[in-house]
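Colleague: Next up is a structure, given as structure tokens.
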Protein chains: 2
Amino acid sequence: MSRIVTVGAAQMGAIQRADSRAAVVKRMIELMRQAAAHGCDVVVYPELTLTTFFPRWFMENQDEIDTFFEREMPSNETAPLFNEAARLGIGFSFGYAELTPEGRHFNTSLIVDKTGRQVGKYRKIHLPGHREPEPWRAFQHLEKRYFEVGDLSWGVWNAFGGLAGMMICNDRRWPESYRVMGLQGVEMIFVGYNTPRHNPPAPDHDRLSEFHNQLVLQAGAYQNGTWVVGVGKCGVEEGCEMIGATSIVAPTGEIIGQSLTQEDELVIARCDLDLTKSYKATTFNFDLHREPDQYRRIVEQKGVIRPSAD
Amino acid sequence: MSRIVTVGAAQMGAIQRADSRAAVVKRMIELMRQAAAHGCDVVVYPELTLTTFFPRWFMENQDEIDTFFEREMPSNETAPLFNEAARLGIGFSFGYAELTPEGRHFNTSLIVDKTGRQVGKYRKIHLPGHREPEPWRAFQHLEKRYFEVGDLSWGVWNAFGGLAGMMICNDRRWPESYRVMGLQGVEMIFVGYNTPRHNPPAPDHDRLSEFHNQLVLQAGAYQNGTWVVGVGKCGVEEGCEMIGATSIVAPTGEIIGQSLTQEDELVIARCDLDLTKSYKATTFNFDLHREPDQYRRIVEQKGVIRPSAD
């Protein structure tokens with residue numbers, strides 16, 4: 001028996017600062033309707049879907065910063081998305097900036113099942129960029145300033161007939177993110193991202209942005225025997241180019257669906273969750289083959305400790 | 001200033017059971033001379049270079065098993081390799097089955113520097129395959145029977161003007177192997193392998209053998225900002241086809257050298273160790289971006305623990 005989950009990866013083009021949440025939600029609904037028309041079970045949107053990627057600016061006024069955050073979910077502005085999903089009977093996952101009642105700020109994503117129930121929440125752990133403004137950069141990347149490190153670990157939930165989890169953007173470059181979910185039997189990982197092509201401290205990496213994106217998604221999928229759905233917010237946002245390369249990756253490590261544009265675009269794939277089984281049962285049978293005692297350095301040490309010179 | 005290490009990846013074709021160690025060492029020396037003639041600093045050979053890949057057979061007689069092991073290194077049979085390296089002033093790394101004075105069996109590899117000094121030893125940690133014979137298989141993969149799990153962790157040593165480490169074969173599929181060395185600042189990883197194309201419990205993976213080999217080498221290189229030199233023993237050995245796909249991978253994740261044959265073949269690349277710097281200093285600056293507290297499941301748990309069903 002196969003367990004097919006038809007996934008719609010809803011890449012989104014640029015969202016400018018002047019774009020209202022209502023306008024963004026309207027675009028999201030348009031993609032959701034396409035997904036439903038194609039028989040998708042779930043539609044996956046990018047990181048921080050509702051606004052422009054605001055960590056590119058240094059802002060000191062907390063009220064101004066908080067205009068990019070959501071105090072409730074759904075809110076008045078996002079309720080139409082939730083309502084449309086319920087009407088269509090489709091699940092979805094998307095990212096947003098979360099401001100909690102306690103005043104804490106997280107880069108967050110949700111999984112909502114076909115009944116409209118929020119089955120999973122994740123708060124981004126690997127915050128890239130920097131904390132203090134660096135005026136020499138053409139644009140900032142102040143995620144470490146505007147967000148706290150997520151406090152929910154990487155969860156895995158029963159959803160869409162399988163086990164689903166989430167990562168956000170930079171998490172995907174770290175094999176630890178996949179492995180923590182792999183150790184919970186994850187079968188599909190949703191990962192939204194906002195990835196500027198230009199990395200100011202390492203411009204020599206720019207030509208490889210899409211390659212690096214796909215390399216880590218593919219390796220994470222294969223090494224954990226899981227589907228991985230990577231979804232970009234892309235195009236030129238406020239003068240900053242962000243990569244697309246939305247990719248649906250099988251547990252084989254193969255990319256079986258990918259975007260062609262830098263705009264709103266739906267990528268569809270029929271994902272058989274049972275394809276995960278032969279990887280999880282053979283090469284990556286963790287019970288048989290992992291050696292956790294040998295991995296202690298991974299948790300006991302944060303930075304590099306070089307061997308002493310001879 | 002660049003720090004170029006010119007690497008010769010010495011892929012080796014099939015070694016049959018009847019082939020003597022002297023014959024194998026002669027082939028290794030031929031490749032070493034090619035490497036020296038091309039100005040290589042180090043020549044890297046595969047896993048268990050000296051004999052056929054014997055874990056494909058179930059043997060019960062320990063004396064017979066031990067014929068595949070080395071009791072000393074160098075031995076009379078391998079001394080010509082060490083001597084030729086000293087004469088040429090070239091470093092090398094190779095794998096062999098090690099039988100210690102205490103009677104312990106390991107799947108081992110060495111790094112020997114240009115002065116002939118053994119600077120590093122590694123004993124394979126991720127032993128694939130099975131412990132008990134499984135007669136339904138066309139051939140066995142009894143590494144878990146014939147070897148103990150390595151007891152030296154993954155070391156990193158000063159060699160060839162940089163920091164070098166080793167993995168062996170199946171280790172390369174596990175991101176933990178790379179990370180333990182990445183946390184020691186590794187700049188080049190040597191990994192030899194014997195990888196049968198056909199994996200009896202998962203024949204649907206066979207068409208992807210080379211892809212999986214290169215995917216994990218590339219991801220491990222990029223995610224740790226290190227060079228990775230993957231070297232296969234390949235061709236048809238005792239009726240069992242093994243993949244080549246010897247690959248030299250840059251810290252960018254790009255394959256910059258690879259083999260074309262299934263035979264003895266030298267692949268050369270000039271590897272600038274300073275290319276590791278921008279990856280280690282930016283995207284993969286572990287001090288800034290790792291979150292070890294969030295990785296605990298990786299060491300606290302061996303197998304999969306699924307969330308409870310709703």
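Colleague: Here are the criteria: (1) open to solvent by less than 10 Å² (accessible area, probe 1.4 Å); (2) away from chain B (no Cβ under 13 Å). Tell me which single one residue A:245 does not satisfy.
Modeller: If we test residue A:245 against (1) open to solvent by less than 10 Å² (accessible area, probe 1.4 Å); (2) away from chain B (no Cβ under 13 Å), just (1) comes out false.
Colleague: Among the residues of region B:77-94, is there at least one that is within 10 Å of another protein chain (Cβ to nearest Cβ) and over 30 Å from residue A:215 (Cβ atoms)? Spell out the reasoning first.
Modeller: Let us first name the residues in region B:77-94 that are within 10 Å of another protein chain (Cβ to nearest Cβ), namely none.
No, because not a single residue in region B:77-94 is within 10 Å of another protein chain (Cβ to nearest Cβ) and over 30 Å from residue A:215 (Cβ atoms).
Colleague: Related question: Look at region A:207-236 and say how many of its residues are in a helix (DSSP H, G or I), in contact with a Phe, Trp or Tyr (Cβ under 9 Å, 6 or more places away or on another chain) and of a type in the set (Gly, Ala, Ser).
Modeller: 3
Colleague: Looking at B:206, B:272, B:264, can you tell me which residue is acidic (Asp, Glu), in contact with a Ser or Thr (Cβ under 8 Å, 6 or more places away or on another chain) and modelled with pLDDT of 95 or more?
Modeller: On the way: B:206 fails: in contact with a Ser or Thr (Cβ under 8 Å, 6 or more places away or on another chain); B:264 fails: in contact with a Ser or Thr (Cβ under 8 Å, 6 or more places away or on another chain).
From the options B:206, B:272, B:264, the qualifying one is B:272.
Colleague: Would you mind telling me which numbered condition in (1) in contact with a strand residue (DSSP E or B) (Cβ under 7 Å, 6 or more places away or on another chain); (2) away from every other protein chain (no Cβ under 12 Å); (3) in a loop (DSSP other than H, G, I, E, B) residue A:166 fails?
Modeller: (3)
Colleague: Here's another thing I want to ask about it. Whether any residue in region A:135-142 is within 11 Å of chain B (Cβ to nearest Cβ) and open to solvent by less than 10 Å² (accessible area, probe 1.4 Å) is what I want to check.
Modeller: No, because not a single residue in region A:135-142 is within 11 Å of chain B (Cβ to nearest Cβ) and open to solvent by less than 10 Å² (accessible area, probe 1.4 Å).
Colleague: Tell me, which residue of region A:270-287 that is basic (Lys, Arg) and more than 8 Å from chain B (Cβ to nearest Cβ) is farthest from residue B:130 (Cα to Cα)? Give the derivation first.
Modeller: Start the filter on region A:270-287 by keeping residues that are basic (Lys, Arg), which leaves A:270, A:277, A:280.
If we keep only those that are more than 8 Å from chain B (Cβ to nearest Cβ) too, we end up with A:270, A:277.
Details: A:270: 34, A:277: 19 Å.
Among them, the one singled out is A:270.
Colleague: Taking residue A:106, is it farther than 24 Å from residue A:225 by Cβ and surrounded by 20 or more Cβ atoms within 10 Å (Cβ to Cβ)? Steps first, answer last, please.
Modeller: Details: farther than 24 Å from residue A:225 by Cβ: yes; surrounded by 20 or more Cβ atoms within 10 Å (Cβ to Cβ): yes.
So residue A:106 passes the test.
Colleague: Please pick out the residue among B:258, B:218 that is polar (S, T, N, Q) and closer than 23 Å to residue A:171 by Cβ.
Modeller: Details: B:258 fails: closer than 23 Å to residue A:171 by Cβ.
Unique residue meeting the criteria: B:218.
Colleague: Among the residues of region A:214-225, are any in contact (Cβ under 8 Å) with a residue 40 or more places away in the chain, more than 7 Å from chain B (Cβ to nearest Cβ), touching a strand residue (DSSP E or B) at 6+ places or on another chain (Cβ under 7 Å) and open to solvent by 10 Å² or more (accessible area, probe 1.4 Å)?
Modeller: Yes, region A:214-225 contains a residue that is in contact (Cβ under 8 Å) with a residue 40 or more places away in the chain, more than 7 Å from chain B (Cβ to nearest Cβ), touching a strand residue (DSSP E or B) at 6+ places or on another chain (Cβ under 7 Å) and open to solvent by 10 Å² or more (accessible area, probe 1.4 Å).
Colleague: It is to be established whether one or more residues within region B:194-201 are within 29 Å of residue B:292 (Cβ to Cβ), modelled with pLDDT of 95 or more and crowded, with 24+ Cβ neighbours inside 10 Å.
Modeller: Step one: filter region B:194-201 for residues within 29 Å of residue B:292 (Cβ to Cβ), giving none.
Checked region B:194-201: no residue is within 29 Å of residue B:292 (Cβ to Cβ), modelled with pLDDT of 95 or more and crowded, with 24+ Cβ neighbours inside 10 Å.
Colleague: Any residue in region A:74-93 that is over 19 Å from residue A:231 (Cβ atoms) sitting within a Cβ distance under 6 Å of a residue that is part of a loop (DSSP other than H, G, I, E, B)? List the pairs, counting only those 6 or more apart or interchain.
Modeller: What qualifies is A:86/A:116; A:89/A:114.
Colleague: For residue A:232, state whether it is open to solvent by less than 30 Å² (accessible area, probe 1.4 Å), within 15 Å of the chain's Cα centre (by Cα) and either within 7 Å of another protein chain (Cβ to nearest Cβ) or within 30 Å of residue A:25 (Cβ to Cβ) (or both).
Modeller: On the way: open to solvent by less than 30 Å² (accessible area, probe 1.4 Å): yes; within 15 Å of the chain's Cα centre (by Cα): yes; either within 7 Å of another protein chain (Cβ to nearest Cβ) or within 30 Å of residue A:25 (Cβ to Cβ) (or both): yes.
So residue A:232 passes the test.
Colleague: If you don't mind, there's one more thing I want to ask. Take the residues of region A:18-39 that are in a loop (DSSP other than H, G, I, E, B) and closer than 19 Å to residue A:267 by Cα: which is most open to solvent (accessible area, probe 1.4 Å)? Let's see the steps before the verdict.
Modeller: Filtering region A:18-39 down to residues in a loop (DSSP other than H, G, I, E, B) leaves A:18-20, A:38-39.
So of that shortlist, the ones also closer than 19 Å to residue A:267 by Cα come out as A:38-39.
Working: A:38: 116, A:39: 46 Å².
My answer is A:38.
The values are calculated or read from the model by the stated rules, or taken from the named source; none is laboratory data. All of these numbers come straight from a predicted model, not from anything done at the bench. Reconstructed Cβ throughout: ideal geometry from the backbone, glycine too, with neighbour counts over all protein chains shown. Calculation scope for accessible area: heavy atoms of the full protein, side chains included, ligands and nucleic acids excluded. Shrake-Rupley method; radii C 1.70, N 1.55, O 1.52, S 1.80 Å.
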